Amino acid sequence: MEILLILGGAIIGFTLVLIAVPPILKVAREKNLFEPFDERKIHTGTIPPMGGVAIFFGFVLSTIIATDGYTFDSLKYIIAAVILMFFIGMKDDLLIISARKKFSVQVFAAVILITLGNVRFTSLHGIFGIYDIHYFVSLLVSLFVMIAIINAFNLIDGIDGLASGLAIVASAVFGIWFFLAGKIQFSIMSFALMGSLAGFFLYNVFGHRNKLFMGDTGSLIIGLVISTLAIKFNEFNIFKTTVVSVYSAPSISFAVIIVPLIDTLRVITIRLMQKKSPFSPDKNHIHHRLLELVPNHLQVTLILIIATVFMTGVALLFNNMGLNITIQFALMFTLGILFSFIPSVLAKRKNRPAQQPA
């Protein structure tokens with residue numbers, strides 16, 4: 001029965017998105033609902049950024065339907081926070097708002113989840129020798145992580161299928177673990193997100209007349225839900241009560257979303273070194289560098305998805321080896337940084353002018 005509900009959540013989300021996209025596109029075209037022109041965009045055509053609307057309805061409805069009958073106290077706060085992300089994202093997609101306003105709403109949504117939904121860290125699992133943390137520290141750490149993940153997925157959404165593909169992998173990994181650990185409500189939610197994103201992925205990557213982007217609406221919702229799943233994954237692993245409990249939950253959850261997190265850290269560092277605002281747009285993202293080597297969106301997306309699966313496997317290997325948790329996290333962080341610079345190095349070599357013979 002449980003597996004049927006989990007699969008049902010994925011199927012309902014997938015189906016709802018497939019059904020919702022065509023009418024959403026029709027309205028977008030009739031009402032001229034397109035992104036304001038931005039010279040940094042890789043696409044030059046007028047493609048509606050309305051995919052987040054379909055993702056929102058697919059995720060929310062499939063989660064509510066499939067979790068019916070289960071006690072899920074956090075769900076109403078998760079949906080409330082998702083609604084906030086939906087409206088602020090939609091406004092930014094169609095009108096463009098200041099980074100300060102968008103950040104303020106992100107903080108408000110995260111605070112709702114942390115304080116009312118109890119979606120927060122209560123332990124650092126022994127990183128730097130720290131286990132249980134004070135409530136106030138818990139609030140700050142949880143808020144920082146949520147905002148970081150939300151903006152990481154927002155920033156990584158630069159080419160077809162990338163943000164949705166990475167989130168599909170993350171939601172699948174978390175969803176499978178929640179199922180094995182008996183946390184069925186969160187497994188259903190994970191697979192509802194995965195199914196909804198899979199439906200969007202088809203239109204975004206393979207669509208022609210029905211192509212659309214997820215926009216900030218979609219990426220903000222994804223970041224919020226994935227951050228919730230990551231925090232709950234860590235919390236459920238504080239006490240090793242099941243055979244699938246992991247010793248190094250922080251390292252594994254970091255590996256699952258390592259690409260957007262490391263890429264965000266990398267581009268912000270580059271901007272600060274160039275004495276620019278950390279929020280100033282540029283083309284220093286890892287997918288921009290990879291496009292110089294492999295000029296195909298789907299291939300670049302698949303490369304980064306494979307890299308995520310590989311890094312997750314490495315994190316699981318370290319976990320099974322029983323390495324110190326601080327060392328594990330440091331190793332994953334270092335590997336992530338090193339891998340993130342490989343495309344830039346290769347692109348520079350490729351674009352370097354050939355030396356003239358003497």
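The values are calculated or read from the model by the stated rules, or taken from the named source; none is laboratory data. Because the structure is a prediction, the values reported are computed rather than measured. Quick reminder, even Gly has a Cβ in these numbers, built from the backbone with ideal geometry, and neighbours come from all protein chains shown.
Values computed for the structure shown
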| quantity | calculated |
| --- | --- |
| Close pairs (8 angstrom Cβ cut-off, 6 or more residues apart or separate chains): surrounded by 21 or more Cβ atoms within 10 Å (Cβ to Cβ) in the stretch 77-95, outside any helix (DSSP H, G or I) and small (Gly, Ala, Ser) anywhere | Ile78/Gly117; Ala81/Gly117 |
| Number of positions in the stretch 28-48 that are touching a Pro at 6+ places or on another chain (Cβ under 9 Å), modelled with pLDDT of 80 or more and hydrophobic (A, V, I, L, M, F, W, C) | 1 |
| Some residue of the stretch 223-244 being among the aliphatic types (A, V, I, L, M), more than 18 Å from Val119 (Cα to Cα) and in a helix (DSSP H, G or I) | no |
| Test: residue in the stretch 136-152 that is aromatic (Phe, Trp, Tyr) and surrounded by 15 or more Cβ atoms within 10 Å (Cβ to Cβ) | no |
| Filter result for Phe310 (more than 16 Å from the chain's Cα centre (by Cα), in contact (Cβ under 8 Å) with a residue 60 or more places away in the chain and surrounded by fewer than 16 Cβ atoms within 10 Å (Cβ to Cβ)) | no |
| Residue satisfying condition, being surrounded by fewer than 22 Cβ atoms within 10 Å (Cβ to Cβ), modelled with pLDDT of 90 or more and either among the hydrophobic types (A, V, I, L, M, F, W, C) or farther than 21 Å from Ala230 by Cβ (or both), within set Leu304, Leu290, Leu265 | Leu265 |
| Subset tally (residues that are in a loop (DSSP other than H, G, I, E, B) and either over 16 Å from Leu224 (Cβ atoms) or modelled with pLDDT of 95 or more (or both)) for the stretch 49-75 | 9 |
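Table: residues versus (1) in contact with a helix residue (DSSP H, G or I) (Cβ under 6 Å, 6 or more places away or on another chain); (2) part of a helix (DSSP H, G or I); (3) closer than 19 Å to Phe329 by Cα.
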position: Gly89; (1), (2), (3): yes, yes, no
position: Ala109; (1), (2), (3): yes, yes, no
position: Leu113; (1), (2), (3): yes, yes, no
position: Val137; (1), (2), (3): no, yes, no
position: Leu143; (1), (2), (3): yes, yes, no
position: Ala148; (1), (2), (3): no, yes, yes
position: Gly165; (1), (2), (3): yes, yes, no
position: Ile168; (1), (2), (3): yes, yes, no
